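Here is the structure we will look at, set down as structure tokens.
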Amino acid sequence: RDSVTGVPVTLNGTVQYSMRNGTVALDGFHLVRPNVGEARFIVTVGAWSAPFDMVLTSGALAALRVVKQPFSEGDIIQPGTLLPQTTEVQAIDAAGNIVIAEGQLLSAELVFDDPQVYIAPVGGPAIALPVNATTPAPDNRPRAGHGELNTTDVVLPQVPIRSTGVASLAPVVVDLVFGYDYFLRFRLVADPSIEIMTAPFRASCPTNAFFVNGESECRGCNAAMSTCNGSDVVMTNWGHWRASTEALTLYACPIPKSCDGGSETGVCREGYHGPMCNICDPRWGKDFTRRCYECPSDAATAAAVFALLSAFVLVLTGYVVLTVQNWTAPTSRAGDSAVVLQLAVTYMQAMSLMEYFKWEWPKAN
């Protein structure tokens, strides 16, 4: 049985003992974060038991420990808004025990990681980008080292350590910039060498918006043209296109079926490429609807040309014959056929020229 000033404590690990000449020696006896004060323990061996008292005292404050982060998984931290959670920092000694340092003050700072510097290829300049240290460098270029922490202009209050050994910082408004890692840094005012930082956090946006690294405001997502998830990733919807992942302008493809959705730039379907997927691939061509179709083989093309020329010769021959006959018998049935044939030829000539005019065909209701 064990108790500390009436409050139960936890024994961690196996307590081994040995008895020699009526004396019991305990081995591996330790407590998990007990309260400061007197503790009475009772050792029972068979039918015999004996109590002993222990006085627990606080060690010297040697370090700080974050026991509650300023954010939880899934929290959205927008620039100029409150941090989602109260931050809690614990005072501990060199062994990790809680220290009762009531009344001592901790200073709090909002710091950020400087942009990382990347090494460019031979002959090219170095590029500085405010990105997370875990983010791959552009073109897989090696890093030139980790940036240093800088203090922001955000003024945070000092927080006192309470009788429980914990200091709490209530949610504060933070002005963040997208693309940087931020931390809360706590230092003991009496000894600034004793400090601790929270886990890194970043600014983000609601799921119906996106952000641009280096800015401090969320941008609205055009739901008709794109899909957003609150990050800097914007996915194009079906039938839309943009020039690159950094481009902020999206375009509706002139031929909707030429642009696939679900990508950051808008992937062109087979047979299309170029801006807005409006250019046909090699050996593909457009018809009068401006859609791209794969060109037939050379043999098929030659056969089609021969068939068309043959048909043209037959039509032309019939046209000449009927026209001559109509000249001598204008009211005959052959004359009527010649007129119909002339109209048909004229119609076919007009239709063949329509592709050269950018006309918008009426849409079906």
- Hey, residue 307 hits all of (1) at pLDDT 75 or above; (2) of a type in the set (Gly, Ala, Ser); (3) closer than 30 Å to residue 225 by Cα but one; which does it fall short on? (3)
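Considering each of 243, 190 in turn, give the residue that is small (Gly, Ala, Ser), touching a residue at least 40 places away in the same chain (Cβ under 8 Å) and either open to solvent by 40 Å² or more (accessible area, probe 1.4 Å) or within 30 Å of residue 103 (Cβ to Cβ) (or both).
Just one listed residue meets the conditions, 190.
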- Message: Being closer than 14 Å to residue 108 by Cβ, part of a strand (DSSP E or B) and small (Gly, Ala, Ser) is the filter here; which residues of the range 152-205 pass it?
- Response: 167, 168
- Message: Name the single residue that is farthest from residue 113 (Cα to Cα) among those in the range 157-180 being crowded, with 17+ Cβ neighbours inside 10 Å and small (Gly, Ala, Ser).
- Response: 165
- Message: Checking the structure you have, find out if any residue of the range 217-239 is within 21 Å of residue 150 (Cβ to Cβ), open to solvent by less than 70 Å² (accessible area, probe 1.4 Å) and in contact (Cβ under 8 Å) with a residue 60 or more places away in the chain.
- Response: no
- Task: State which residue is modelled with the lowest pLDDT when the search covers only the range 209-226 and only residues that are part of a loop (DSSP other than H, G, I, E, B) and among the charged types (D, E, K, R).
- Result: 215
- Item | Checking residue 38 against (1) of a type outside the set (Lys, Arg); (2) surrounded by 14 or more Cβ atoms within 10 Å (Cβ to Cβ); (3) at pLDDT 70 or above, the condition it does not meet | (2)
- Count of residues meeting criterion [in contact with a Phe, Trp or Tyr (Cβ under 8 Å, 6 or more places away or on another chain) and either open to solvent by 70 Å² or more (accessible area, probe 1.4 Å) or in a helix (DSSP H, G or I) (or both)] in the range 261-307: 7
- Query: So which residues in the range 248-304 are aliphatic (A, V, I, L, M) and at pLDDT below 80, if there are any at all?
  - Reply: 299, 300, 302, 303, 304
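The values are calculated or read from the model by the stated rules, or taken from the named source; none is laboratory data. No experiment lies behind these values; they were computed from the predicted model shown. Glycine also receives a Cβ, built like all others from the backbone with ideal geometry; neighbour counts cover every protein chain displayed. With ligands, DNA and RNA removed, areas are computed over all heavy atoms of the protein, side chains included. Shrake-Rupley method; radii C 1.70, N 1.55, O 1.52, S 1.80 Å.
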